[in-house]
Amino acid sequence: HDVETSIPNPGGVAPTVRQASGSYHFAADSSLKWMLPIVDADAPSGNLEFSVGSAMAEGLYFPVRVAFVTKATFCPLALTVEDAESGAPVAHGVSTHVAAEDYQI
């Protein structure tokens with residue numbers, strides 16, 4: 001959830017967004033920020049269509065950065081807590097969460 005895609009726009013002029021799932025804004029750092037609140041089985045993809053006024057080399061729009069958070073890990077995680085002296089199980093709770101610090105396309 002909380003997927004944020006950041007597309008650099010070196011021209012510094014806000015692009016014209018024709019269609020977008022979720023929300024978007026043109027940030028102070030001249031990048032186009034596109035946010036999707038959730039990506040799951042019910043909403044597995046999103047769409048952002050935009051254009052810029054002047055012709056620029058395609059490579060100027062990279063790297064695209066994507067940030068997201070997920071409540072599930074990529075592999076199952078099990079944790080057992082035992083009393084060090086008796087070996088008896090100790091009641092405990094586990095909270096997992098994975099965040100992508102930097103994912104580039």
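If I ask for residues that are aliphatic (A, V, I, L, M) and open to solvent by 40 Å² or more (accessible area, probe 1.4 Å), which ones from segment 1-19 would you list?
First, pick out the residues of segment 1-19 that are aliphatic (A, V, I, L, M): 3, 7, 13-14, 17.
Within segment 1-19, V13, A14 qualify.
Check whether at least one residue in segment 59-72 is touching a Phe, Trp or Tyr at 6+ places or on another chain (Cβ under 6 Å) and modelled with pLDDT under 95, and report yes or no. Walk me through how you get there before you give the answer.
From segment 59-72, those touching a Phe, Trp or Tyr at 6+ places or on another chain (Cβ under 6 Å) are 66; that's our starting set.
Then keep just the ones that are modelled with pLDDT under 95; that gives 66.
So far as segment 59-72 goes, yes, one or more of its residues are touching a Phe, Trp or Tyr at 6+ places or on another chain (Cβ under 6 Å) and modelled with pLDDT under 95.
Here is a check on your reading of the model: is V17 hydrophobic (A, V, I, L, M, F, W, C) and farther than 19 Å from V3 by Cβ? First the steps, then the outcome.
Numbers: hydrophobic (A, V, I, L, M, F, W, C): yes; farther than 19 Å from V3 by Cβ: no.
Judged against the criteria, V17 is not a match.
Across segment 30-53, what is the number of residues that are open to solvent by less than 60 Å² (accessible area, probe 1.4 Å), modelled with pLDDT of 90 or more and more than 17 Å from the chain's Cα centre (by Cα)?
Result for segment 30-53: 0.
Can we say S86 is over 19 Å from E4 (Cβ atoms), part of a loop (DSSP other than H, G, I, E, B) and either open to solvent by 50 Å² or more (accessible area, probe 1.4 Å) or out of contact with any Leu (no Cβ under 9 Å at 6 or more places or on another chain) (or both)?
Details: over 19 Å from E4 (Cβ atoms): yes; part of a loop (DSSP other than H, G, I, E, B): yes; either open to solvent by 50 Å² or more (accessible area, probe 1.4 Å) or out of contact with any Leu (no Cβ under 9 Å at 6 or more places or on another chain) (or both): yes.
Answer is yes for this residue.
Taking the stated definitions as given, is A27 touching a strand residue (DSSP E or B) at 6+ places or on another chain (Cβ under 8 Å), surrounded by 10 or more Cβ atoms within 10 Å (Cβ to Cβ) and at pLDDT below 90?
Details: touching a strand residue (DSSP E or B) at 6+ places or on another chain (Cβ under 8 Å): yes; surrounded by 10 or more Cβ atoms within 10 Å (Cβ to Cβ): yes; at pLDDT below 90: no.
Criteria not met by A27.
The values are calculated or read from the model by the stated rules, or taken from the named source; none is laboratory data. This is a predicted model, so every value here is computed, not measured. Here Cβ is always computed from backbone atoms with ideal geometry, including for glycine, and neighbour counts include all displayed protein chains. Note: areas computed on protein heavy atoms with side chains; ligands, DNA, RNA excluded. Shrake-Rupley method; radii C 1.70, N 1.55, O 1.52, S 1.80 Å.
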